[in-house]
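The values are calculated or read from the model by the stated rules, or taken from the named source; none is laboratory data. Please read all numbers here as calculations on a predicted model, not as lab measurements. Positions of Cβ are backbone-derived with ideal geometry, glycine not excepted, and every protein chain shown enters the neighbour counts. SASA here: full protein model, heavy atoms, side chains in, ligands and nucleic acids out. Shrake-Rupley method; radii C 1.70, N 1.55, O 1.52, S 1.80 Å.
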Amino acid sequence: GSLLGDLHYTREGVPVLIVGHHILYGKVVQLEKPFAVLVKRGAGEAGPEGLPACYTVTALIKTKLLFKTRPKPIITNVPKKV
Amino acid sequence: MRNRSEVDATLQTAKLNAAELLPVVHCLSFGPQAGAGECCLLQLEPGLCAELEAGRSLVIRGEKDEHAVLCSKDKTYDMKIADTSNMLLFVPGCKTPEQLNADQASCNIIHSQIAGFSNHYWELRRCRPKLKKLRKLLMEDPYEGPDSQKDQTFSKYTTEDLLSLIQASEEEILHQLQVLSACKIEGYWRILEFDYEMKLLNHVTQLVDSESWSLSKVPLRSCLEELGSLEPTEMIEHILLSYGRKYVDDGEVYFEMHEDKTCRAIAQMLLQNAVKFNLSEFQEVWQQSVPEGMTTRLDQLKGLALMDKSSRPETISLLKVEDLPENNQERFNSLFSIREKWTEVDITPYIQDLCAEKQTVGALLTKYARSSMQNGVRVYNSRRPIS
């Protein structure tokens with residue numbers, strides 16, 4: 001799949017995300033209210049046959065990395081044309 | 001796939017000092033199903049999360065014209081879509097700094113896939129179970145007794161039927177069935193038609209009287225023997241369970257008759273025969289109508305009858321809270337169209353059931369009514385004109 005970027009952590013535990021030409025600093029957040037990730041079972045089957053729709057909880061998310069500060073641009077040196 | 005030297009090159013370009021960072025990097029890329037949008041997020045309270053982790057399921061209930069609710073085994077929640085302020089990317093297996101420090105693995109690249117993303121989620125808010133529909137369904141065909149000449153109707157509901165039609169958790173539904181004194185007849189939940197219920201109750205109280213039993217020690221066996229020829233034994237037992245507290249003494253089953261519930265039922269029987277009654281006349285007839293040994297009290301009629309202390313003579317009439325709308329604003333509109341100004345004491349029994357988990361009657365009145373003083377007493381009236 002296509003690349004998003006690199007995720008590093010500082011020794012103090014601060015997440016650092018490098019996406020394209022940007023650096024984002026974030027923080028680790030423990031979710032007070034976890035998220036359940038629901039996937040509809042039998043998503044491809046057509047027509048109701050009396051079988052009720054069913055969602056499977058495929059994951060429980062209890063931690064997130066929050067990047068809400070403004071991305072810092074990475075300035076690369078562009079060699080001068082001679 | 002990205003390798004370590006590419007990662008290091010990026011760090012250099014970004015002017016980040018590798019020495020200030022943990023050695024492990026996550027290289028994030030979008031997984032094959034990431035864009036499919038097949039998953040959605042549901043926000044959980046810790047209690048619900050624990051339910052799922054314990055292996056239990058949650059159920060979403062509602063017909064096409066209803067707002068969906070989510071039910072655990074004993075609670076009901078309104079569902080609403082909320083936006084997240086940022087886009088959320090789901091990265092299974094992404095490690096936190098604590099996990100990385102604890103794990104002494106030798107590799108320093110983790111290739112992580114973004115499994116999906118979302119910018120909205122289902123938000124849950126605990127709500128009152130929507131139980132008015134339960135009574136409405138069961139009242140479609142009340143049970144009038146085995147001798148009833150009524151045609152077979154198909155308005156009968158099993159537990160499974162109710163679970164798919166009522167927006168409430170199973171425990172809340174079963175509890176309400178008990179409150180309604182409903183019983184299962186041939187696998188279907190039935191409410192007794194009021195006259196039939198009173199007929200059954202009367203059989204019992206007459207028997208108690210003629211046998212001179214104590215109202216707190218009514219023997220099941222004798223009731224079934226004496227009354228079994230008049231009514232089905234299941235019905236006799238049902239009425240005892242509805243109006244009494246079951247206990248065992250010396251191997252025999254007895255019932256302690258419930259004074260408040262019995263007096264209240266008899267009051268309803270009297271009040272439904274006319275629009276309004278002279279209060280003092282009613283009180284006299286009522287006391288004479290209840291079993292000997294039971295005492296009637298006006299506070300037994302909360303949520304069943306309304307007294308008018310301002311009229312001369314004072315009157316009383318039937319007003320059942322279960323006949324009023326379930327929605328808060330509609331309930332208040334209905335109450336204010338019945339009476340313009342209410343004292344808190346009078347209105348409380350008719351709004352108590354609207355209170356949310358930690359809400360008080362006072363909070364409801366503040367929100368839906370306007371207060372004023374009348375003859376030194378605080379009264380509440382509508383915030384808007386009622387036609």
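Summary table
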quantity: Built amide H within the under 5 Å cut-off of residue B:305, gap 5+; calculated: B:319
quantity: Acute angle (nearest 10 degrees) that the helix B:170-179 long axis makes with the longest principal axis of chain B, alpha-carbon atoms; calculated: 10
quantity: Share of carbon and sulfur in the accessible heavy-atom surface of region B:74-210 [1.4 Å probe, %]; calculated: 48
quantity: Over region B:203-261, equivalent-ellipsoid semi-axes from the Cα gyration tensor in Å; calculated: 15, 13, 12
quantity: Calculated from backbone phi, Karplus (6.51, -1.76, 1.60) coupling profile of region B:213-230 in Hz, x at Gly/Pro; calculated: 6, 6, 5, 9, 9, 9, x, 4, 4, 5, 4, 5, 5, 6, 9, x, 7, 8
quantity: Shielding by other protein chains, B:287-296, mean Cβ within 10 Å; calculated: 0
quantity: Minimum 20 Å² accessible area buried by the other protein chains, region B:57-90 residues, probe 1.4 Å, relative to alone; calculated: B:60, B:86, B:88, B:90
quantity: Amide H contacts of residue B:185 (H built 1.01 Å from N, under 5 Å, at least 5 apart or other chain); calculated: B:190
quantity: Most mobile of B:50, B:369, B:168 in a GNM of chain B (Cα contacts under 10 Å); calculated: B:50
quantity: Helix axis angle, B:233-243 relative to chain B longest principal axis, alpha carbon, degrees; calculated: 80
quantity: Shielding by partners - mean other protein chain Cβ count within 10 Å, residues of B:39-47; calculated: 6
quantity: Pairwise label distance in nanometres, residue B:99 with residue B:317, each label 7 Å out on the Cα-Cβ vector; calculated: 6.7
quantity: Shielding by other protein chains, A:10-17, mean Cβ within 10 Å; calculated: 5
quantity: Spin-label proximity, residue B:74 to region B:157-187 - amide N less than 15 Å from point 7 Å beyond Cα toward beta carbon; calculated: B:169-176
quantity: Förster-model FRET efficiency, 35 Å R0, residue B:386 and residue B:285, C-beta, rounded to 0.05; calculated: 0.55
quantity: Equivalent ellipsoid dimensions for chain B as semi-axes, Å, which come from the Cα gyration tensor, largest first; calculated: 60, 29, 19
quantity: Potential extension, residue B:355-residue B:241 segment - 0.36 nm per residue separation minus Cα distance; calculated: 38.2 nm
quantity: Derived scalar couplings ³J(HN,Hα) [region A:29-38; Karplus, 6.51 cos²θ - 1.76 cosθ + 1.60; whole Hz; x for Gly, Pro]; calculated: 10, 7, 6, 4, 10, x, 9, 9, 8, 9
quantity: Span from the region B:252-328 Cα centroid across to the region B:214-238 one, whole angstrom; calculated: 25
quantity: Prolate/oblate/rounded label for region B:176-300 (Cα gyration tensor, a/c 1.5); calculated: oblate
quantity: Virtual spin-label span in nm between residue B:330 and residue B:136, 7 Å along Cα→Cβ; calculated: 0.7
quantity: Mean ellipticity per residue at 222 nm, deg cm²/dmol - from DSSP H runs of n ≥ 4 across chain B, formula -39500 (n - 2.57); calculated: -10000 deg cm²/dmol
quantity: Under-5 Å amide H pairs with residue A:23, H placed in peptide plane, nonlocal only; calculated: A:72, A:74
quantity: Only Lys, Arg (+1) and Asp, Glu (-1) charged, at Cβ; the protein assembly as shown dipole about Cα centre in debye; calculated: 3540
quantity: Difference of contour (0.36 nm per residue) and Cα-Cα distance, residue B:111 to residue B:158; calculated: 11.6 nm
quantity: Under the Karplus curve 6.51 cos²θ - 1.76 cosθ + 1.60, θ = phi - 60°, whole-Hz ³J(HN,Hα) for region B:191-201, x wherever Gly or Pro sits; calculated: 9, 7, 5, 4, 5, 5, 4, 5, 4, 4, 4
quantity: Full-extension gain in nm, residue B:261 to residue B:275, via 0.36 nm per residue minus C-alpha separation; calculated: 2.8 nm
quantity: Chain B: most fluctuating residue of B:128, B:264, B:312 per GNM, C-alpha cutoff 10 Å; calculated: B:312
quantity: Paramagnetic reach from residue A:31 in region B:45-73 [backbone N under 15 Å; point 7 Å along Cα→Cβ]; calculated: B:45-53
quantity: Gyration tensor (alpha-carbon) shape descriptor, region B:254-339, a/c threshold 1.5; calculated: oblate
quantity: With DNA, RNA and ligands ignored, accessible area of residue B:308 (1.4 Å probe; Å², nearest 10); calculated: 40
quantity: Over chain B, relative contact order from alpha-carbon pairs under 8 Å, at least 6 apart, %; calculated: 11
quantity: Label point distance in nm, residue B:64-residue B:378, each placed 7 Å from Cα along Cα→Cβ; calculated: 4.8
quantity: Residue with peak Gaussian network fluctuation, chain B [Cα springs, cutoff 10 Å], from B:16, B:58, B:131; calculated: B:16
quantity: Cα pair distances in the protein assembly as shown, grouped into 10 Å bins until the bin that holds the longest one, percent each; calculated: 3, 14, 18, 18, 14, 11, 9, 7, 4, 1, 0, 0
quantity: Region B:169-242: C-alpha gyration tensor shape, a/c 1.5 cut-off, then a/b vs b/c; calculated: prolate
